[in-house]
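Beneath this line is the structure, given in C-alpha cells, with notes to follow.
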Amino acid sequence: MSRTIPPYPTGHNLLAGKTCVVTAAAGTGIGFSAAKRAAEEGATVLISDFHERRLGEAADRIAEATGQRPITAICDVTSEDAVQALRDTAVRELGHVDILINNAGLGGTATVVEMTDAEWYRVIDVTLTSVLRMSRAFLPHMYERNTGAIVNNASVLGWRAQHGQAHYAAAKAGVMAFTRCSAIEAAEHSVRINAVSPSIAMHAFLAKVTTDELLAELSAREAFGRPAEVWEIANVMIFLASDLASYMTGEVVSVSSQRA
C-alpha cells in the first residue's frame, strides 16, 4: 500500500489558446484546483462562485501561482437569472467559451426517515439541477461554434452506497445520467460532454466538516491508503477538456482507487 503523494504536475499546454469557465471555484476544493490547472495548461480562465470574498482570494492565489489572474464572476447556480448572467459575462469577457467545468455541488448527512423536503431539494438543486442550468445556458453558444467541451463533477456515490447520503448519491447519479444523455445531443454539434467520478479528495473544507474517524474509514477503502489530492481529480478534468480526449463523450471516468 502506497501513501506517497506524487509530485505536482508541470504544465504541457494542453489547453493553450482555449477559454475555460469553472463553477464553485472558491476555496480549496476540486473547483479551485481545476481552475488553477486549466491556467497552468494555458487556458484563459473565468472562475465563478457564490462566495465573493473567497472567490477573490482564489483568483489571487491562481495569479500568484501562474502569473495570470482569472476573471471572476459571482453566481448562484440555483438562480436561472444568475446563470444566464454568468454566461453573458463569460462570452463578453472571454470572447467565447471553449470549456465549461460544472463543479458546483452540496453535500450533507441525513437518513431517509429524518430527511426533510428542504434538505432533499437543496442538495438536488445545487448538485444536479445546476448542471442542467449551466449546460442549457452554455450549450447554444458552443453549438453555434460547432466546438466545445463540458466536464461535470459526479461522485462514486452515484454508483455505490453510503449511510446518510441518499440525497447526495441520487443527485450524483443524476449527474451521470444527465452527462450521458446530454452528450448524445451535443455530439450532433461536435461538442463533448464527460464527467469525473471522484471518491475522496482531501481539502481544508472537507477536513472541517468531516470527522477524523470517517476520513480514516474512507481512506482505508482506497487501494493507495490515502485520499486523492484535489489536483489529481483536476488532472482528469483537464484531460477530458483537452483535445487528447477528442473521441470521448458521454463517459463517466472514475477517479478513485476504491476497492470493489
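The values are calculated or read from the model by the stated rules, or taken from the named source; none is laboratory data. It should be emphasised that the depicted structure is a prediction, and the values quoted were computed from it without experimental measurement. Every residue, glycine among them, receives a Cβ derived from its backbone with ideal geometry; neighbour counts consider all protein chains shown.
Residue-wise test of (1) under 26 Å from THR19 (Cβ atoms); (2) touching a helix residue (DSSP H, G or I) at 6+ places or on another chain (Cβ under 9 Å).
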position	(1), (2)
ALA137	yes, yes
ASN146	yes, no
ALA177	no, yes
GLU185	yes, yes
HIS189	yes, yes
ILE200	no, yes
Residue check for ILE200: under 21 Å from the mean Cα position of the chain (by Cα) and surrounded by fewer than 17 Cβ atoms within 10 Å (Cβ to Cβ): no
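Determine whether ALA35 is modelled with pLDDT of 95 or more and more than 19 Å from the chain's Cα centre (by Cα). Don't jump to the end; show me each part of the working.
Values: modelled with pLDDT of 95 or more: yes; more than 19 Å from the chain's Cα centre (by Cα): no.
No.
Only residues that are surrounded by fewer than 24 Cβ atoms within 10 Å (Cβ to Cβ) and not in a loop (DSSP other than H, G, I, E, B): list them for the stretch 145-166, please.
Result: ARG145, VAL156, LEU157, GLY158, ALA166.
Is one or more of the residues making up the stretch 156-174 of a type in the set (A, V, I, L, M) and closer than 22 Å to ILE47 by Cβ?
Our first condition is that a residue be of a type in the set (A, V, I, L, M); within the stretch 156-174, this holds for 156-157, 161, 166, 169-171, 173.
Subset that is closer than 22 Å to ILE47 by Cβ: none.
No: zero hits.
For the structure I just gave you, tell me whether ALA16 is over 18 Å from ASN153 (Cβ atoms), at pLDDT 95 or above, out of contact with any helix residue (DSSP H, G or I) (no Cβ under 6 Å at 6 or more places or on another chain) and surrounded by 14 or more Cβ atoms within 10 Å (Cβ to Cβ). Steps first, please.
Numbers: over 18 Å from ASN153 (Cβ atoms): yes; at pLDDT 95 or above: yes; out of contact with any helix residue (DSSP H, G or I) (no Cβ under 6 Å at 6 or more places or on another chain): yes; surrounded by 14 or more Cβ atoms within 10 Å (Cβ to Cβ): no.
Criteria not met by ALA16.
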Any hit, the stretch 50-57, residues being buried (at least 17 other Cβ atoms within 10 Å of the Cβ) and closer than 17 Å to ASN102 by Cβ: yes
Long-range neighbours under 7 Å by Cβ, at least six apart or interchain, first residue of a type in the set (Gly, Ala, Ser) within the stretch 220-247, second in a helix (DSSP H, G or I): GLY225/SER219; ALA234/ILE30; ALA234/SER33; ALA234/ALA34; ALA234/ARG37; ALA245/PHE239
Qualifying position, being over 19 Å from the mean Cα position of the chain (by Cα), under 24 Å from ASN194 (Cα atoms), outside any loop (DSSP other than H, G, I, E, B) and without any contact (Cβ under 8 Å) to a residue 60 or more places away in the chain, among VAL91, VAL126, VAL83: VAL91
Residue count for the stretch 237-252, restricted to those that are buried (at least 17 other Cβ atoms within 10 Å of the Cβ), in a helix (DSSP H, G or I) and not small (Gly, Ala, Ser): 4
Residue under evaluation GLY108, criteria (1) in contact with a helix residue (DSSP H, G or I) (Cβ under 9 Å, 6 or more places away or on another chain); (2) closer than 26 Å to LEU86 by Cβ; (3) part of a helix (DSSP H, G or I), criterion not met: (3)
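With the requirement that a residue be touching a residue at least 40 places away in the same chain (Cβ under 8 Å) and in contact with an Asp or Glu (Cβ under 8 Å, 6 or more places away or on another chain), what does the stretch 10-26 give you? Walk me through how you get there before you give the answer.
Step one: list which residues in the stretch 10-26 are touching a residue at least 40 places away in the same chain (Cβ under 8 Å), which gives 14-15, 18-25.
Scanning the stretch 10-26 gives LEU14, LEU15, LYS18, THR19, CYS20, THR23, ALA24, ALA25.
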Selection count where residues are among the small types (Gly, Ala, Ser) and either within 16 Å of HIS141 (Cβ to Cβ) or assigned to a helix (DSSP H, G or I) (or both), scope the stretch 16-34: 3
Single unsatisfied condition, ALA63 versus (1) out of contact with any Gly (no Cβ under 7 Å at 6 or more places or on another chain); (2) touching a residue at least 12 places away in the same chain (Cβ under 8 Å); (3) among the aliphatic types (A, V, I, L, M): (2)
Residue check, ARG37 more than 17 Å from ASN235 (Cα to Cα) and of a type outside the set (A, V, I, L, M): no
